[in-house]
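Engineer: Okay, here's the structure, questions in a sec.
Every number in this text was worked out from the coordinates using simple rules, so none of it is lab data. The structure displayed is predicted, hence computed values, not measured ones. In this analysis, Cβ positions are derived from the backbone assuming ideal geometry, glycine residues included, and neighbour counts consider all displayed protein chains.
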Amino acid sequence: MSTAETAGTGTARTAAPVTVRVPAKVNVQLAVGGLRPDGFHDLANVFLAVGLYDEVTATATAPGEGPRVTCSGPDTDQVPLDRTNLAVRAADALAARYGIVPDVHLHIGKEIPVAGGMAGGSADAAGALLACDALWGTGASREELLEICAELGSDVPFSLVGGAALGRGRGELLTPLEVGGVFHWVFAVAAGGLSTPAVYRECDRLREARGGGAGADAVPAPEASPALLAALRAGDAALLAGHLSNDLQPAAVSLLPSLDDTLAVGTEAGALAALVSGSGPTCAFLAEDAAAASDVAFALRASGVCRTAHTATSPAPGATVVRPAG
């Protein structure tokens, strides 16, 4: 394997590109606490990684040429191609920790919907972090990588670990969860996106409009549903369907009322349950099996209530090197 010395560390860096595959997520429960003084909300966030993937490839560049990012796939015109991109921020954060000059080209191959409530940007950050770790030979521990993930955003740590987990705090404090089987999903991609901060603000506004208040002292502390966790352990789709919930769904629908039509079409086509994924606007439909998922996806595509629909299964592995260095 061809190597060079990593600036400031003495660790080996490889000249060969590294590609990491990283999954989307669906929140089967998103319980949102009140607005904290720091502007965040405490969460009880039950994550499932699903088999829709982005791939992030890290390639060493000549000195002074990086970091830079390119992107291919659907809706890439919505992806920033500068240092505000979360994948570039991940590379910068890892480089800063290890005294490395981040001369790297990151290429993101998109399959996860952009600004769709499925943590595509967070997935890209986790993928870039793992790819650059391998490219630069930092030898970072899993704990160090998770620390950097948490600094980058609430969903980034889960994108690294995948599977199923309960996220507490802002979602970054993870407890792995047992899943007893495979769940079949359909994801309806809306035309356009929703801003996550805007959806949280609308959630606060709706709570205030109902007269209950939006602050942490007025909203019950979020807790994971024991019945939902039991359904995951059992691998029982019908049982899980009765306990899916998303406290952000009313806010997402308030900002984009057409989501109600999307949810209705998928439900009428045979989905066991439907909900807005995270902050939206992607809608998630739980199906009984692969055949039912295919039927729901066909109905959604034919209806015109969404731009496209994807089938996928969960759980899925977290960020994984699929083309290792060397």
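Engineer: Which shape class applies to segment 75-169: rounded if a/c is under 1.5, otherwise prolate when a/b exceeds b/c and oblate if not, where a ≥ b ≥ c are the square roots of the Cα gyration tensor eigenvalues? Intermediate results must be reported in sequence, preceding the final value.
Structural biologist: Working: a/c = 1.91, a/b = 1.12, b/c = 1.70.
Oblate shape, in that a/c is at least 1.5 and b/c is the bigger or equal ratio.
Engineer: I want to verify the translational diffusion coefficient of the chain in µm²/s; compute it with Stokes-Einstein, Rh as the Kirkwood radius over Cα pairs, at 37 °C and 0.692 mPa s.
Structural biologist: Details: Rh = 20.1 Å.
After rounding, the answer is 163 µm²/s.
Engineer: When only Cα pairs under 8 Å and 6 or more residues apart are kept, what is the percent relative contact order across the chain?
Structural biologist: Details: 842 pairs, mean separation 85.8, N = 326.
About 26 percent, as a whole number.
Engineer: For segment 54-128, take the convex hull of the Cα atoms, compute a quarter of its surface area, and give me that in nm², please. Intermediate results must be reported in sequence, preceding the final value.
Structural biologist: Values: hull surface 18.1 nm².
That works out to 4.5 nm².
Engineer: Here's another thing I want to ask about it. Give the angle, between 0 and 90 degrees and rounded to the nearest 10, that separates the Cα long axis of helix 142-152 from the longest principal axis of the Cα atoms of the chain.
Structural biologist: 70
Engineer: Hey, got the Cα dimensions of segment 107-225 along the principal axes, in Å, largest first?
Structural biologist: Here the spans come out as 54, 33, 31 Å, largest first.
Engineer: What is the percent of Cα-Cα separations in segment 42-87 that go past 14 Å? Please list the in-between numbers first.
Structural biologist: Numbers: 689 of 1035 pairs.
Summing the P(r) of segment 42-87 above 14 Å gives 67 percent of all pairs.
Engineer: Considering only DSSP beta bridges with both partners in the chain, what is the antiparallel share in %, to the nearest 5?
Structural biologist: 85
Engineer: With bins 10 Å wide starting at 0, give me the P(r) of segment 3-177 over every alpha carbon pair, in whole percents.
Structural biologist: 11, 39, 33, 15, 2, 0
Engineer: Sort 300-307, 248-255, 279-286, 44-51 by the packing proxy (mean of other Cβ within 10 Å over each peptide's residues), most packed first. Display every interim value, and only then the final one.
Structural biologist: Working: 300-307: 17.5, 248-255: 21.0, 279-286: 28.8, 44-51: 25.0.
Order by mean packing, descending: 279-286, 44-51, 248-255, 300-307.
Engineer: In addition: In the calculated pair distance distribution of segment 11-71, what percentage of Cα-Cα distances lie above 12 Å? Write down the numbers at each step before the final one.
Structural biologist: Working: 1436 of 1830 pairs.
So the portion of pairs separated by more than 12 Å is 78 percent.
Engineer: Using Cα atoms only, what is the angle between the long axis of helix 259-268 and the major principal axis of the chain, expressed in degrees (0 to 90) to the nearest 10?
Structural biologist: The helix 259-268 is inclined about 70 degrees to the chain.
Engineer: On to the next question. Within 10 Å, count the other beta carbons around each residue, average over each peptide in 72-84, 106-118, 144-156, and list them highest first. Let's see the in-between values first.
Structural biologist: On the way: 72-84: 13.2, 106-118: 23.3, 144-156: 21.2.
Packing order, densest peptide first, comes out as 106-118, 144-156, 72-84.
Engineer: I've got another one for you. For segment 183-314, rounded, prolate or oblate, judged on the Cα gyration tensor with a ≥ b ≥ c (square roots of eigenvalues), a/c < 1.5 rounded, else prolate if a/b > b/c? Walk me through the intermediate numbers first.
Structural biologist: Details: a/c = 2.63, a/b = 1.32, b/c = 1.99.
Because a/c hits 1.5 or more and a/b fails to exceed b/c, segment 183-314 counts as oblate.
Engineer: I'd like the FRET efficiency for Thr313 and Leu206, computed as 1/(1 + (r/R0)^6) with the beta carbon distance as r and R0 of 30 Å, rounded to 0.05.
Structural biologist: Values: r = 33 Å, r/R0 = 1.11.
FRET efficiency, Thr313 to Leu206: 0.35.
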